[in-house]
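Participant: Below you will find the structure I want to go over with you.
Just so it is clear, none of the values below were taken in a lab; they were calculated from the coordinates. Note that the coordinates shown come from a computational prediction; the quantities given were computed from them, not determined experimentally. Note that each Cβ is placed from the backbone with ideal geometry, even for glycine, and that neighbours are counted across all protein chains shown.
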Amino acid sequence: MRRILGFTMMLLVAFSFTAFAGGEKEAAGGMSAADITGEFDWKRFEGQSVKLLLNQHPYTDGMLKELAKFEAKTGIKVQYDIFPEEEYFNKLTVALSSGSSEYDVFMTGAYMVWQYMPPGWMEDLTPYIQNSSVTNPDYDFNDIIDGIAAGLRWDGVDGSEVGNGGQWALPWGFEGNDLMYNKRVFRELGLDLPKTLDDVIKIGKIIKEKTDMVPIAVRGTRSWATIHPGFMTAYNSAGASDYDANMKPQMNSDVAVRFTKKWIEMVSEVGPPEWTSYTWYDVGQSLGAERSAMIYDADILGFFQNQEGASAASGDIAWAPYPPGLDGPATTPNMWTWALAMNANSKAKGPAWYWLQWATGKDFLTTAAVKYATVNPVRTSIWQNADFQARLKNFDGYLEQYQNLIDGTGIHFTPQSRFFETTTEWAAALHEIYGGKDAKTVLDDLAKRLAEEF
């Protein structure tokens, strides 16, 4: 995940679709979802089509393997374009900002809602969810973990917490952030799991002395993506916040400064020498290739690396039940969500909604979690599914860390439409401190600069 460039806000040109009575199959256009009546019918939009814009991702791969089932079930033809991540977001931004109706559905994340929703580029899915005439009776929206679904609800006001307002997207999979480690290395060196960042430094120095591995890998590029995984998880758990209720920056509060000093000390003492160029890909690969003994990042990175035959460390990767924090274990992981949204300018909103409910429904997501790589699953029923739990037999601590941390997992940033720019500036400040500048001075300057931008 990389920095998304800011873009010009545009007015919404409202499109909705025609009401359908009973089992009539009519073209999309016109009225809203709330006007659709009659019994639910999977064949309501038979003969129509929907076009998806998708990121190149394991979630996408699993969906494509099952897509023929959706087309057979509905009679809807699905077209799609898939792009690598950096190209994908550029393509998406251009499509949405131009008011294009080419794509009906797109992949997104919770942070993107804060940029895409205010100018009116996203369709509120609440009326679709609530209308039994257009949503199948087995969909069970309440089965979706509420803390994850809530991260995609927002009222559009900078500083207003998530969980209020429209449901702008449906979660497809999520990432909590946690400590993953090579259990063989820990066992051979007789190491205990770290509970604090000081523990990480202490243990890391032993690993550094006894092996040729980097003790811990974390992201470090000049990007918002450096802030949101391990850093924000431990930062929030320490009691630090990014902004107060009046959107005044808090990165220079006493606890924030103390935490930042400790984080940079950890990176400097036992982190990768190339920290300022480390992306999510580098972090995951370092654990899998046994170049690092620990990572503090998205829990699914360890999942992908630990699959049989996936990496040199496969079978030796484990998850800490609690990640380390400033003064004790961290209990409130920050979350990233891959989600699916509807283009507000779509001219095929009926078929688009049918694909959305299928792709986020129980049947497909259970199959995707058990057979493919749609993890972490966003539905409670899947975590309780015996086949899914059996799949986790060789994923030491994975289910336990989910059970311990899910209640505290959420989006711990303050929502704002300029999230990507301001958070990238925050990452740049970390670079300055890593380079030797005084933490308090740098963070004071950062807070002052961000305050002037509002």
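Participant: So what is the relative contact order for the chain, in percent, with contacts set as C-alpha pairs under 8 Å and at least six apart?
Facilitator: Values: 947 pairs, mean separation 110.5, N = 454.
About 24 percent, as a whole number.
Participant: Let me ask you something else. Could you sort out which of Lys65/Lys393; Lys77/Lys349; Lys43/Lys77; Lys195/Lys261 sit more than 20 Å apart by Cα distance in this structure? Walk me through the intermediate numbers first.
Facilitator: Working: Lys65/Lys393 25 Å; Lys77/Lys349 14 Å; Lys43/Lys77 12 Å; Lys195/Lys261 17 Å.
Over 20 Å Cα-Cα: Lys65/Lys393.
Participant: At 7 Å along Cα-to-Cβ for each site, give me the label-to-label distance between Ala72 and Ser253 in nm.
Facilitator: So the two model labels end up 5.5 nm from each other.
Participant: Hey, fewest Cβ within 10 Å first, where do Phe106, Phe40 land in order?
Facilitator: Details: Phe106 27, Phe40 16.
Starting with the residue having the fewest Cβ neighbours, the order is Phe40, Phe106.
Participant: Show me the three semi-axes of the equivalent ellipsoid for region 293-408, from the C-alpha gyration tensor (sqrt of 5 times each eigenvalue), largest first, rounded to whole Å. Mind dumping the intermediate values first?
Facilitator: Details: eigenvalues 176, 66, 37 Å².
In descending order, the three semi-axes are 30, 18, 14 Å.
Participant: List the relative contact order of region 272-407 as a percent without decimals, with contacts defined as Cα pairs under 8 Å and 6+ residues apart. Before the final figure, lay out each step's value.
Facilitator: Details: 115 pairs, mean separation 31.9, N = 136.
Value for region 272-407: 23 percent.
Participant: Still on this structure, please answer the following. What number, in nm² with one decimal, is the all-direction average of the projected area of the convex hull of the alpha-carbon atoms of region 181-313? Show your work: numbers first, answer last.
Facilitator: Working: hull surface 33.0 nm².
Orientation-averaged projected area of the Cα hull: 8.3 nm².
Participant: What percentage of all Cα-Cα pairs in region 31-155 are separated by more than 22 Å?
Facilitator: Values: 3597 of 7750 pairs.
Cα-Cα pairs in region 31-155 separated by more than 22 Å: 46 percent.
Participant: I'd like the orientation of helix 58-74 relative to the chain: the angle between its Cα long axis and the longest Cα principal axis, in ° from 0 to 90, rounded to 10.
Facilitator: Helix 58-74 sits roughly 10 degrees off the main axis of the chain.
Participant: Scale the Cα Rg of region 353-454 by the rule-of-thumb value 2.2 N^0.38 Å and send over the ratio, two decimals. Each step should come with its number before you reach the end.
Facilitator: Values: Rg = 20.7 Å, N = 102, 2.2 N^0.38 = 12.8 Å.
Normalised Cα radius of gyration, region 353-454: 1.62.
Participant: On to the next question. Which value at 222 nm does the chain reach when only helices count, each DSSP H run of 4 or more adding -39,500 (n - 2.57), with the total divided by all residues and rounded to the nearest 500 deg cm²/dmol? Working shown, then result.
Facilitator: Details: 19 runs with 183 residues, N = 454.
Result for the chain, helices only: -11500 deg cm²/dmol.
Participant: Test of understanding: ordering Ile145, Ile411, Ile207 by Cβ neighbours within 10 Å, fewest first, what list do you get? Don't jump to the answer; show the numbers that get you there.
Facilitator: Values: Ile145 20, Ile411 27, Ile207 23.
Final ranking by Cβ density, sparse to dense: Ile145, Ile207, Ile411.
Participant: Counting only C-alpha contacts under 8 Å and six or more residues apart, can you give the relative contact order of region 356-405 as a whole percent?
Facilitator: On the way: 24 pairs, mean separation 11.7, N = 50.
Taking the mean separation of contacting Cα pairs over the length of region 356-405, I get 23 percent.
Participant: Fewest Cβ neighbours within 10 Å first, please rank Trp114, Trp319, Trp383 accordingly.
Facilitator: Arranged by neighbour count, lowest to highest, Trp114, Trp319, Trp383 become Trp383, Trp114, Trp319.
Participant: Take the Cα atoms of the chain, build their convex hull, and give its volume per residue in Å³. Intermediate results must be reported in sequence, preceding the final value.
Facilitator: Working: hull volume 56.4 nm³, N = 454.
Taking only Cα atoms, the chain has a hull volume of 124 Å³ per residue.
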